[in-house]
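Have a look at the structure that comes next, please.
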Amino acid sequence: MRLRIEGGQMIDPASGTSRAGDLLLDDGVIAWIGERLPEAEARGVDRVFDASGLVVAPGLMDMHVHLREPGHEYKETIETGGRAAAAGGFTAVVPMPNTLPATDNRATVEFVARRARETSPVRVYPAVAATRGNENTEMSEIADAKDAGAVAVTDDAFPLQSAEMTRRVMEYCRTFDLPLLTHCEDKALTKRGVMNEGITSTVMGLQGMPKAAEDLQVARNIELAEMTGCRLHIQHISSERAIELVRQAKARGVAVTCETCPQYFCLTDEDVRGYNTLAKCNPPLRTKADQDAVKAGLADGTIDAIATDHAPHAVNEKECEFQTAAFGMTGLETALGLVLTHLVDAGILSLGEAIGKMSTAPARILNLPGGRLEAGAPADITIFDPAAEWVVDPAKMRSRSRNTAFAGWELTGRAVATLVRGEIVYEDSARHSAQESAHGGKDRK
Amino acid sequence: MNLTRKDILGLQEMSSEEILLILNRAADMKEILSRDIKKVPTLRGKSVVTMFFENSTRTRMSFEMAAKILSADVSGFAASTSSVQKGESLKDTILTLDAMKPDVFVIRHSASGAAQFTASLTGAHVINAGDGAHEHPTQALLDMLTIIEHKGGIEGLTVAIVGDIAHSRVARSNIWGLMKLGATVRIVGPETLLPAEIRQLPVEVHTDLRSGIRGCDVVNVLRIQLERQEAGLFPSLREYAQRFGVNSNVLREAQPDVLVMHPGPMNRGVEIAPDVADGEFSVVTEQVTNGVAVRMALLYLLLGGSPDAASN
């Protein structure tokens, strides 16, 4: 398949460039990029994609999702999650290992990779659990899992409580050159907690989760990363103080990176009022001051990446008492719109910076191909309309679960087409039919 | 003025006018309780379902008595005998009972927000009989009715709420109700039993019992639960009683005509000394009587009884 993407605004965060022009995809890689594809190169093109008025970006990569397979297929599968990713403009996702059984060894990593090959339209790079069964008692066979395709080690959803175990995992990760992605939470401080601790939890009579629970583990993990030389990546950073800790660590040269998620720059604990279980997530939605700190951290580069922590749950797991409800919200199909509307249009990030945090940065942190628009790079491309206005409608989502906290939100900007290995894996249906007829006429000339 | 809302979920969302309407009606209802024949036909043909997912004797009995005096039919369950034991979700339980077309649900549940969740699932009226650590509006209403009976009003009074504020729905409902009616509210307890950022509310916070009670018109003593000690929130019931137990000595700091209230059940010798619990300032049994009156008033107002019916 030779595909020409014509006349789009091509943004390459890796080189910091933005230019109008053409892109030729051939044999799964970017074959040519420039202002105007020469006639000689244009021969034998199977399809021309008119990208005028659209942004052409390196494929978005979500380094933090829950695809629920194996074990919780009633919430999501690698197939449905993959489709949701493609529809949201993502060309690659990193599923977390809190599956059943846990993705904690060669067999389970291979299973995830095989199911991805068989069913997912987007690339799936599994992360392996730091400890067997996510039980925090014995280390997983990390090296074996790496050979099977794991790109990172993580304690997501089951944060390592012992500093000793964390130290050893970090040393072992360093040995096999894998980053450690950590969910920072001191569980003793968040016991029975269901939302951020503060005046809102007090008024609602809900058990709080203090920010200190996150801050303490961010501080501890930074110290241990400095000691061990492990590449540390802090997941879903949400608190003002934790961001400051990362800022200081970076300033003194510690190999630490971090991500945040749209919910932490779009929502606050006020959104939990009314016992809104859709806004229940972990880390919990914090305060306005934390939200401002997340935005500042994104703007000054302290926060490297934007992920979604896409956490699908069945209806009955959210339509229940708040304290019983599952933690987490879906995010794959809303992230791009939220970033474009609430970070780019709001003047917090440039378009290039925003795309970089969703493509170039995750690729760099995980040492993966992609995240660049240049000849020879993988033909993983996200084409989006930065001006498209749309309303979030859970009924239209591809994910098997609909637990979004953003239903009814008016957003500007959404994916028009998603290409993986040079193949179109998602295309906005309205636009697709319009283009077909337009190009049908052109080809006849 | 009539009560136009569908549900009674908490006092935070209520206006002072609504609260006074309920309290005035409760005063009328109380007269019925003093009669020889304690039955009026007002709510004949109306059905009330009581759902107690958490143990309660006084609140459940109080609601049942209130409904029966007004001639409503009352059915109900306690969680230990219900399908909850079989793993049925709260949503399914409510939808099942709702299909039997009750007029009012009364719900007590350990989860904050459970009453609001119930209200979202049914077109029937919902009365919150206590949800987690959130609100217990009928308790606060009966507390306020008791205060008004003794003090003539709420405005300008200073009311101390003493004890485990963090886990107390009674405290939260009292804070909202008393503030709306113009009282000064003091919160008294050790920091471990105060909820986060409580100082952001317009209340006075005292961690010393003596200063907290000083000059108060009312002292509302909350029940302390042994599990709080087990959770490490204070070292022993002994030390709690010494530092935060309301006894006759510390009560001398209050106004000479102070009212001592307790939502019950009391731990004599822990949060309240026996001689105070049964002493001259205690109004705990009046609170129980007023509980029936307040719940009668709410059922009456929600179900739209005609203005004269209750007095016939």
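Using Cβ counts within 10 Å as a stand-in for footprinting exposure, how do B:Met261, B:Met100, B:Met65 rank, fewest first? List each step's numbers first, then the result.
Numbers: B:Met261 24, B:Met100 9, B:Met65 17.
Starting with the residue having the fewest Cβ neighbours, the order is B:Met100, B:Met65, B:Met261.
How large is the helix-only mean residue ellipticity at 222 nm for the protein assembly as shown, computed as the sum of -39500 (n - 2.57) over DSSP H runs with n ≥ 4, divided by its residue count, in deg cm²/dmol to the nearest 500?
Numbers: 26 runs with 255 residues, N = 757.
My calculation for the protein assembly as shown gives -10000 deg cm²/dmol from helical runs alone.
In addition: Mean projection of the alpha-carbon convex hull of chain B over all orientations, in nm²?
15.8 nm²
What does the C-alpha gyration tensor say about the overall shape of the stretch A:258-311? Classify as rounded when a/c is under 1.5, otherwise prolate if a/b is larger than b/c, or oblate.
oblate
So for the stretch A:59-366: antiparallel DSSP bridges make up what percent, rounded to the nearest 5?
The antiparallel fraction comes to roughly 5 percent.
While we're here: Which whole number gives the average count of other chain Cβ atoms within 10 Å of the Cβ atoms across peptide A:201-214?
Per-residue shielding by partner chains comes out at 5.
Taking K and R as +1 and D and E as -1, what net charge do the other residues with C-beta under 14 Å from the C-beta of B:Asp217 add up to?
In short, -3.
With the Cα gyration tensor of the protein assembly as shown in hand, give its eigenvalues times 5 under a square root as the equivalent ellipsoid semi-axes, listed largest first in whole angstrom.
Over the Cα atoms of the protein assembly as shown, the semi-axes work out to 58, 30, 22 Å.
log₁₀ I(q)/I(0) of the stretch B:137-287 at q = 0.11 Å⁻¹, via Debye over equal Cα point scatterers, no solvent, to two decimals?
Scattering profile of the stretch B:137-287, log10 relative to I(0): -0.35.
Please report the spacing between the Cα centers of the stretch B:1-64 and the stretch B:153-170 in Å, no decimals.
21 Å
Distance check, please: which entries in A:Lys250/A:Lys295; A:Lys280/A:Lys357; B:Lys6/B:Lys180; A:Lys75/A:Lys146 exceed 23 angstrom between their Cα atoms?
Check vs 23 Å cut-off fails for A:Lys280/A:Lys357; A:Lys75/A:Lys146.
Tell me which DSSP H helices of chain B clear both cut-offs, 15 Å or more of axial length from alpha-carbon atoms and a mean Kyte-Doolittle hydropathy of at least 0.5. Could you put the intermediate results ahead of the total?
On the way: long enough: B:16-33 (26 Å, 0.42); B:58-69 (16 Å, -0.27); B:137-151 (21 Å, 0.23); B:169-180 (17 Å, -0.19); B:284-302 (27 Å, 1.02).
Once both thresholds are applied, what remains is B:284-302.
What whole number of Å gives the distance from the Cα centroid of the stretch B:213-281 to the Cα centroid of the stretch A:1-18?
For the stretch A:1-18 versus the stretch B:213-281, the Cα centre distance is 72 Å.
Could you tell me which chymotrypsin sites (Phe, Trp or Tyr not before Pro) in the stretch A:47-115 are loop residues by DSSP with no more than 15 other beta carbons within 10 angstrom of their beta carbon?
A:Tyr74
Just to confirm a number: summing +1 for Lys and Arg and -1 for Asp and Glu over residues other than B:Ala78 whose beta-carbon lies under 14 angstrom from that of B:Ala78, what do you get?
After counting each charged neighbour, the total is +1.
Quick one: net charge around B:Met61, please, counting Lys, Arg +1 and Asp, Glu -1 for every other residue with C-beta under 15 Å from its C-beta.
Value of the local net charge: +4.
Once you have the alpha carbon radius of gyration of the stretch A:59-366, what is it after dividing by 2.2 N^0.38 Å, with N set to its residue count?
Against the compact-globule rule of thumb, the ratio is 0.91.
Indicate, rounded to the nearest 5 percent, the antiparallel portion of the DSSP beta bridges found entirely in the protein assembly as shown.
Antiparallel bridges: around 35 percent, rounded to the nearest 5.
Considering only DSSP beta bridges with both partners in chain B, what is the antiparallel share in %, to the nearest 5?
Here the share of antiparallel DSSP bridges comes out near 5 percent.
What is the distance, in nm, between label points placed 7 Å from the Cα along the Cα-to-Cβ direction at B:Glu286 and at B:Ser236?
Spacing of the two 7 Å Cα→Cβ label points: 3.7 nm.
Count, for each residue of B:192-201, the Cβ atoms from other chains sitting within 10 Å of its Cβ, then give me the mean as a whole number.
4
Would you mind pulling out the separation of the Cα centroids of the stretch A:236-298 and the stretch A:157-190, in Å?
With the stretch A:236-298 and the stretch A:157-190 each reduced to a Cα centre, they are spaced 19 Å.
Throughout, read-outs are computed from the coordinates displayed, never taken from laboratory work. None of these values were measured; they are calculated from a predicted model. Methodologically, a virtual Cβ is constructed for each residue, glycine included, from the backbone with ideal geometry; neighbour enumeration extends over all protein chains shown.
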